[in-house]
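Report on the following structure.
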Amino acid sequence: MLIRIGYDIQFDLPAPVSFVSMLNVHPSRTSDLRKPDGMKIEPELPTESYIDSYGNICTRFNAPAGPLRLSNDSLVYDSGKLDPVALDAMEHPVAELPSDVLQYLMPSRYCEVDRLSNTAYELFGNLPQGWSRVQAVCDWVHTKVTFGYPFARPTKTALDTYTERQGVCRDFQHLAITLLRALNIPARYATGYLGDIQIPPLPPPMDFSAWFEVYLSGRWWTFDARFNVPRVGRVLMAVGRDASDVAITTSFGLANLTGFLVIAEEVKGE
């Protein structure tokens with residue numbers, strides 16, 4: 001299938017400010033693009049792109065005071081298959097993990113592994129290792145945490161979500177990631193497009209989505225503690241330790257958001 005993806009993000013800048021954006025499709029999906037994935041900037045500005053330490057495409061630019069608009073409208077090919085499931089996928093002993101995976105066992109800004117370690121072992125330490133234990137963590141978070149946009153705040157951590165039992169999609173993922181890392185299972189945060197494809201439409205507004213990936217049997221697998229079912233049409237943009245590593249835009253100065261639109265929808269008849 002073909003999926004139309006894009007965004008229209010607008011700011012008002014009281015003064016000149018430098019930006020780093022992370023709005024491109026992840027390098028692992030660039031071969032699936034059927035239209036260019038370049039970011040359009042109004043007013044037109046010079047940009048510089050680079051790959052960060054997590055393998056994501058980043059774009060930096062300097063914007064003058066006044067209105068700023070970032071937009072894109074692209075097409076990406078997708079297999080139309082559900083997220084893969086491998087019930088026999090196994091955990092690795094820490095000693096056998098690749099060195100670049102070890103960072104996804106560590107505490108990070110939103111994932112206080114040390115503070116939830118005892119909880120993780122009390123809840124899941126005696127369960128059989130492997131896919132089923134990861135799924136048990138997802139099931140627990142999905143059941144115990146209530147979703148709602150009014151529950152969002154930028155400082156909310158995994159421990160906050162565990163205590164308050166409410167949050168938005170990123171909070172579900174942060175809590176699951178933290179519990180898994182406490183069990184010595186590498187887990188990383190992921191963000192991208194996830195349209196309402198082959199499911200009943202969810203209430204607007206459409207936004208970028210969060211999920212997470214777990215390292216089992218020598219590769220990364222997709223899990224989602226909010227929806228907790230395999231989905232069709234995920235388009236990965238970026239991965240990192242938590243949401244702080246994959247912010248769609250970072251402004252080094254004041255930038256007032258005035259408009260925000262995200263598109264992720266199947267192109268019918270293709």
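Side notes on the structure shown:
- Of all the residues in the stretch 213-232, those that are under 23 Å from Phe260 (Cβ atoms) and out of contact with any Cys (no Cβ under 9 Å at 6 or more places or on another chain) number 1.
- Of everything in the stretch 183-224 that is hydrophobic (A, V, I, L, M, F, W, C) and touching a Leu at 6+ places or on another chain (Cβ under 7 Å), the residue that is farthest from Gly130 (Cα to Cα) is Ala190.
- Taken across the stretch 4-24, residues that are buried (at least 17 other Cβ atoms within 10 Å of the Cβ), more than 24 Å from the chain's Cα centre (by Cα), more than 22 Å from Val267 (Cα to Cα) and outside the structural domain of Arg234 (by TED's automatic domain parsing) do occur, with at least one present.
- Those strands (runs of 3 or more DSSP E) lying entirely in the stretch 182-270 with at least 3 residues within 17 Å of His26 (Cβ to Cβ): 187-193, 209-216, 219-223, 235-240
- Matching residues in the stretch 214-270 - criterion: being of a type in the set (Lys, Arg) and touching a helix residue (DSSP H, G or I) at 6+ places or on another chain (Cβ under 6 Å): Arg226
- Answer from Val239, Val246 - the residue that is buried (at least 18 other Cβ atoms within 10 Å of the Cβ), within 16 Å of Thr157 (Cα to Cα), in contact with a Phe, Trp or Tyr (Cβ under 8 Å, 6 or more places away or on another chain) and β-branched (Val, Ile, Thr): Val246
- Checking every residue in the stretch 63-70 against the condition of being more than 18 Å from the chain's Cα centre (by Cα) and either within 16 Å of Phe208 (Cα to Cα) or in the same structural domain as Gly195 (by TED's automatic domain parsing) (or both) gives at least one match.
- Residue that is nearest to Leu87 (Cα to Cα), among those in the stretch 109-154 that are touching a strand residue (DSSP E or B) at 6+ places or on another chain (Cβ under 6 Å) and assigned to a helix (DSSP H, G or I): Val134
- Criterion (under 22 Å from Ser244 (Cβ atoms), at pLDDT 95 or above and not acidic (Asp, Glu)) met by exactly one of Leu127, Leu75, Leu97, Leu159: Leu159
- Residues located in the stretch 176-205, provided they are of a type in the set (A, V, I, L, M), touching a strand residue (DSSP E or B) at 6+ places or on another chain (Cβ under 8 Å) and modelled with pLDDT of 95 or more: Ala176, Ile177, Leu180, Ile185, Ala187, Ala190, Leu194
- Checklist (1) touching a Gly at 6+ places or on another chain (Cβ under 9 Å); (2) surrounded by 13 or more Cβ atoms within 10 Å (Cβ to Cβ); (3) in contact (Cβ under 8 Å) with a residue 24 or more places away in the chain applied to Gln166, failing item: (3)
- Number of positions in the stretch 33-76 that are touching a helix residue (DSSP H, G or I) at 6+ places or on another chain (Cβ under 6 Å) and charged (D, E, K, R): 0
- Close pairs from the stretch 208-221: first aliphatic (A, V, I, L, M), partner surrounded by 17 or more Cβ atoms within 10 Å (Cβ to Cβ) and in a strand (DSSP E or B), Cβ under 6 Å, at least 6 apart: Ala210/Thr191; Val214/Ala187; Val214/Trp221; Val214/Phe223
- Every test in (1) touching a Leu at 6+ places or on another chain (Cβ under 9 Å); (2) of a type in the set (Asp, Glu); (3) not assigned by TED's automatic domain parsing to the domain that holds Val20 is passed by Glu42 save one, and that test is (3).
The values are calculated or read from the model by the stated rules, or taken from the named source; none is laboratory data. Nothing here was measured: the structure is a model prediction, and the numbers come from that model. Neighbour counts are summed over all protein chains in view; Cβ atoms, including those assigned to glycine, are modelled from backbone coordinates with ideal geometry.
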